[in-house]
Amino acid sequence: MPVQTETSQRVYAEERQNVIVEVARSDGRVDNMELARRFGVTPETVRRDLGALERHGVLHRVRGGAIPVERLGFQAAVAARSLVHQDEKERIAQLALQEVPPEGAILLDAATTTAQLAQRLPAGRELTVVTNSLLTGLALAGRSGLTVLTLGGRVRGRTFAGVDAWALHVLGQIVVDVAFIGANGISLERGLTTLDPAEAAVKRMMSRARDGRSSWRTTRSSSATSSSGSVSLTTSRWSSATPGWTALSPTGSTSPTALVLA
């Protein structure tokens, strides 16, 4: 009888989990016992698979099985969305880190990819960080060398982002060196998009600052989206994909996943 190595067991688990995701998306849900019979494994093995897929933000476990996160609504909870395409978001954040100045002011919007960038801000830099994300503000508030400013405004429950008139008014009074803006979708036809009109208005204010259409100025604006964003059905356009945007692709990515407006 051939001996299974740790590597072969891991690869088989990955292949099995890929099939589970495909079935969940095509059928709307998966059942523990049916999966166990299909793969010839124990229900405990299936539960471990579902647990791993839930940690990666692909499935949401329910009694007796799991459903794809897409069934939870257009935007999954922040914690779940932060795990979707996590490796790619980390690579994008590492790229964006190269745009952070040694000192000065930066702006981070309330996106899960920009949250990855916030986690990587190096110690020892005298930076002012402006954000409309309550979660990012709380995470950075105790960091040495950082001055953290939150925009305020109505807090959107799904993303914990400050939006509406108050946030827009404060943005109009701010000067920063670099703004990092998340997008749910990028296409040549529709430009840069997001799901919520109120968040789109804030992102639009950030992006328009670069070309003189508001009193806020940036020397550079960066927009980052994972591949989960590039395929999302998004409804609110906040910027065109103008020739001024330069596409960046992390190592191992097959398509542009970050844009820089310089």
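The values are calculated or read from the model by the stated rules, or taken from the named source; none is laboratory data. These numbers were taken from a predicted model, which means no experiment stands behind them. Here the Cβ is made from the backbone with ideal geometry for all residues, glycine too, and neighbour counts use every protein chain on show.
Numbers below:
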read-out: Thr131 being in the same structural domain as Asp177 (by TED's automatic domain parsing) and farther than 16 Å from Val176 by Cβ; value: no
read-out: Tally, over segment 95-114, of residues that are surrounded by 24 or more Cβ atoms within 10 Å (Cβ to Cβ), of a type in the set (Val, Ile, Thr) and not in a strand (DSSP E or B); value: 3
read-out: Top-ranked residue of segment 140-170 - restricted to ones that are under 25 Å from Leu95 (Cα atoms) and among the aliphatic types (A, V, I, L, M), ranked as surrounded by the most Cβ atoms within 10 Å (Cβ to Cβ); value: Ala161
read-out: Looking only at segment 1-35, and only at residues there that are over 31 Å from the mean Cα position of the chain (by Cα) and charged (D, E, K, R), the one that is modelled with the lowest pLDDT; value: Glu6
read-out: Residue ID - surrounded by the most Cβ atoms within 10 Å (Cβ to Cβ), chosen from residues in segment 55-69 that are of a type outside the set (A, V, I, L, M) and without any contact (Cβ under 8 Å) to a residue 24 or more places away in the chain; value: His60
read-out: Complete set of residues in segment 115-126 that are surrounded by 21 or more Cβ atoms within 10 Å (Cβ to Cβ) and without any contact (Cβ under 8 Å) to a residue 40 or more places away in the chain; value: Ala115, Gln116, Ala118
read-out: Residues being of a type in the set (A, V, I, L, M, F, W, C), crowded, with 19+ Cβ neighbours inside 10 Å and in a strand (DSSP E or B) - total across segment 171-202; value: 6
read-out: Those residues of segment 108-128 which are in contact with a Ser or Thr (Cβ under 7 Å, 6 or more places away or on another chain) and hydrophobic (A, V, I, L, M, F, W, C), in sequence order; value: Leu108, Ala110, Ala115, Ala118, Ala123
read-out: Residue satisfying all of: in segment 23-44; assigned to a loop (DSSP other than H, G, I, E, B) and in contact (Cβ under 8 Å) with a residue 12 or more places away in the chain; surrounded by the fewest Cβ atoms within 10 Å (Cβ to Cβ) among these; value: Gly28
